Amino acid sequence: MSTNILGILNNKYDLYNPKFVESLFDKMSGSYERMNYITSFGFSEKWRSRCVDLIEIKPNSTVVDLMTGMGECWKPILNSIGENGQLIGLDFSSGMLKRANRRKQKYPKHNISLLKEDVFDNSILKNSVDNVISGFGLKTFSNIQIEQLAGEIKRILKKDGSFSFVEVSVPNNKLLNLFYLIYLKYFIPVLGFLFLGNPQTYKMLGVYTSKYKNSMKAKEIFELNGFEVQYINYFYGCATGIKGIKAVNC
Ligand SMILES: C[S@@+](CC[C@H](N)C(=O)[O-])C[C@H]1O[C@@H](n2cnc3c(N)ncnc32)[C@H](O)[C@@H]1O
């Protein structure tokens, strides 16, 4: 695994290979939640809630949380859909899903299903979902994969169904940008070493974020696929996202 990471950092392997991404998150799963909270100075929680609140999620509806991880986005979703709604969390990392399963026990009255599947080969029925959410699940996709993702979301969403995604991004402001890149390149690997004994693994998150930059490309891709899309800035562009609707002619 660390040989692969070094290979990827040296551009020898494909950064977006799903097997590599899966093993990366399996490896990080024990420390991801703590790391995520600390490294975002607590902002990640707020950004997830905002991401969910940006679209109208009605009581009793069916919501899919793609790249659900350990269910970090669930709380605001469950608050909206209530006990008669349906939440489907999808992820392919066993390590992350093991922890999502633990979180599920905290909500015994809610209807939560977990799918251990690749988003590009999923069993969700077409036109069956009211809303799709994804917190920090876009950066590990290439543009071609984001195009495929748009196709999958178009397939599973009902007409007039809506989606909202948020992703960590590189801010445009020069000072923030400098601080942010130093932070991703040096500070996060040090924390990764402290939590995981391995700075390379968390360094990868910085590599993905630098390549992702912001959600502008995702906006273009979703628009080209017929969605009505709006670009969202979170805290001066430290995270960005898109939200949108599967319009009637989509
Ligand atoms: C950065 S984590 C985000 C977790 C969570 N949504 C959050 O808000 O923190 C990204 C998740 O996407 C999952 N993932 C990445 N590519 C995937 C794919 N092709 N199919 C399913 N899950 C995928 C990873 O396993 C990981 O758990």
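Some points to look at:
- Restricting the stretch 140-178 to residues that are surrounded by fewer than 22 Cβ atoms within 10 Å (Cβ to Cβ) and among the charged types (D, E, K, R), the residue that is farthest from the ligand (Cβ to nearest atom) is LYS174.
- Taking the listed residues SER134, SER128, the one that is at pLDDT 95 or above, hydroxyl-bearing (Ser, Thr, Tyr), within 8 Å of the ligand (Cβ to nearest atom) and closer than 19 Å to GLY161 by Cα is SER134, with no other qualifying.
- Residue match in the stretch 186-203 (condition: closer than 30 Å to LEU87 by Cα, out of contact with any Ser or Thr (no Cβ under 6 Å at 6 or more places or on another chain), of a type outside the set (S, T, N, Q) and not in a strand (DSSP E or B)): yes
- Residues being of a type outside the set (A, V, I, L, M, F, W, C) and within 8 Å of the ligand (Cβ to nearest atom) - total across the stretch 104-121: 2
- Selection count, the stretch 160-175, where residues are outside any loop (DSSP other than H, G, I, E, B) and either within 20 Å of GLU223 (Cα to Cα) or touching a Gly at 6+ places or on another chain (Cβ under 6 Å) (or both): 8
- Of all residues in the stretch 60-74, those that are surrounded by fewer than 23 Cβ atoms within 10 Å (Cβ to Cβ) and either away from the ligand (no atom under 11 Å from the Cβ) or modelled with pLDDT under 95 (or both) total 3.
- Flag if PHE25 is within 13 Å of the ligand (Cβ to nearest atom), in contact with a strand residue (DSSP E or B) (Cβ under 9 Å, 6 or more places away or on another chain) and either among the polar types (S, T, N, Q) or in a helix (DSSP H, G or I) (or both): yes
The values are calculated or read from the model by the stated rules, or taken from the named source; none is laboratory data. This is a predicted model, so every value here is computed, not measured. No Cβ is skipped: glycine too gets one built from the backbone with ideal geometry, and neighbour counts run over all protein chains shown.
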